[in-house]
1. Looking at GLY101, GLY163, which is the one that is part of a helix (DSSP H, G or I), of a type outside the set (A, V, I, L, M, F, W, C), surrounded by fewer than 24 Cβ atoms within 10 Å (Cβ to Cβ) and without any contact (Cβ under 8 Å) to a residue 24 or more places away in the chain?
2. Please give the number of the condition LYS158 fails out of (1) farther than 18 Å from GLU22 by Cβ; (2) of a type in the set (D, E, K, R); (3) free of Cβ contacts under 8 Å to residues at least 40 places away in the same chain.
3. For residues in the range 1-20 being of a type outside the set (A, V, I, L, M) and assigned to a helix (DSSP H, G or I), which is farthest from the ligand (Cβ to nearest atom)?
4. On the given criteria, is ASN112 assigned to a strand (DSSP E or B), touching a residue at least 24 places away in the same chain (Cβ under 8 Å) and within 11 Å of the ligand (Cβ to nearest atom)?
5. Taking only pairs six or more apart or across chains, which ones have beta-carbon atoms under 6 Å, a first residue in the range 17-39 that is within 18 Å of PRO192 (Cα to Cα), and a second residue that is within 8 Å of the ligand (Cβ to nearest atom) and among the basic types (Lys, Arg)?
6. Here is a list: GLY134, GLY178, GLY187. Which entry is under 21 Å from GLY20 (Cα atoms), more than 16 Å from the ligand (Cβ to nearest atom) and at pLDDT 95 or above?
7. When only residues in the range 179-226 that are part of a helix (DSSP H, G or I) and β-branched (Val, Ile, Thr) count, which is farthest from the chain's Cα centre (by Cα)?
8. Would you be able to say whether some residue in the range 38-46 is under 17 Å from the mean Cα position of the chain (by Cα), at pLDDT 95 or above and in a helix (DSSP H, G or I)?
Amino acid sequence: MGYSVEGKIALITGAASGIGFEYAIALLRHGLKGVTIIDSDSKKGPEAAQSLNDRYGKKVAHFCRADVTKENELKSAFDTAFNVWKTLDIVINNAGVMKDGSWELQIAINCNAVVTGSLLALERMGKHRGGNGGIVVNIASILGLQELSGCPVYVGTKHFVLGMTRSFGQPYFYDKTGVKFLTMCPGVTDTPLITEASLFALTNYEGLGKLLAEQLASLPQQEPEYVAKGMYHLITHGENGSVWVCEGREPIYEVNIPDRLTLRKN
Ligand SMILES: NC(=O)c1ccc[n+]([C@@H]2O[C@H](COP(=O)([O-])OP(=O)(O)OC[C@H]3O[C@@H](n4cnc5c(N)ncnc54)[C@H](O)[C@@H]3O)[C@@H](O)[C@H]2O)c1
């Protein structure tokens with residue numbers, strides 16, 4: 001028997017649109033009790049929450065505006081979410097951008113905010129802080145597992161997410177906190193992040209944006225619903241520290257990363 005999302009409370013960053021919004025739908029469909037959407041988009045955010053409430057019951061979704069790169073805003077969004085639901089079980093650090101042309105901002109969103117979100121999740125859900133334990137899913141990418149010349153800095157940010165999440169997913173943290181850490185690596189998925197990616201490539205490299213668009217188009221494609229379906233499987237069946245790929249409308253699968261280190265596991 002896997003983990004059940006029934007009656008649980010989730011918090012998802014970047015869920016006003018794109019794949020994050022579909023994660024909320026997939027979990028609510030399986031009996032999630034409530035979700036807090038954290039996003040910087042103050043127009044789409046309330047609309048997303050409203051549409052979830054219309055579809056799945058009056059008070060299942062709650063929007064909290066925050067720029068995830070601002071630690072105080074993210075912390076206060078976690079606090080608000082906790083005050084609304086009085087508990088927290090699942091955190092998905094999903095907000096992300098593919099914008100090598102603004103690489104510092106990209107690192108702040110794709111890396112720094114995932115660190116902050118992971119630490120806040122541990123503080124809120126960790127048994128060492130009086131919590132009940134829980135699940136954190138951090139969103140990497142297939143580009144956390146391979147190189148791509150079209151967006152080298154984005155690729156670096158997703159390798160960061162993968163390495164950090166696997167490390168939080170080691171027994172030292174789980175034994176103390178009861179919080180599982182899982183990594184989701186979506187393949188190319190039809191959202192504005194992909195359709196607009198070529199506009200935001202590194203500047204000063206002629207043709208790089210076009211190359212990026214061609215590279216992304218050459219990879220297997222899918223729609224956000226497929227990743228959301230995979231997310232449900234990952235949350236209900238993923239072992240602590242595991243890494244999963246969801247690509248090309250295929251069922252999600254676990255990746256075995258070769259362990260070449262002789263370091264002790266904990
Ligand atoms: N689309 C893909 O092909 C793909 C593939 C692999 C991984 N991913 C990852 O999946 C995640 C979601 O991507 P998506 O394709 O749904 O993107 P998207 O652009 O459709 O949605 C991203 C959401 O994040 C929000 N956001 C952006 N910056 C923010 C900030 N500073 N604070 C708060 N919210 C912010 C946006 O408002 C938006 O609602 C990202 O981490 C992305 O890197 C996407």
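1. GLY163
2. Going through the list (1) farther than 18 Å from GLU22 by Cβ; (2) of a type in the set (D, E, K, R); (3) free of Cβ contacts under 8 Å to residues at least 40 places away in the same chain, LYS158 breaks only (3).
3. Taking the candidates together, the pick is GLY20.
4. For ASN112, the condition - assigned to a strand (DSSP E or B), touching a residue at least 24 places away in the same chain (Cβ under 8 Å) and within 11 Å of the ligand (Cβ to nearest atom) - is not met.
5. Pairs that qualify, where the first residue is within 18 Å of PRO192 (Cα to Cα) and the partner is within 8 Å of the ligand (Cβ to nearest atom) and among the basic types (Lys, Arg), are SER17/LYS44.
6. Going through GLY134, GLY178, GLY187 in turn, the sole match is GLY134.
7. Applying the filter and picking the extreme gives THR195.
8. yes
The values are calculated or read from the model by the stated rules, or taken from the named source; none is laboratory data. What you see is a predicted model; the values in this text were computed from it and never measured. Note that each Cβ is placed from the backbone with ideal geometry, even for glycine, and that neighbours are counted across all protein chains shown.
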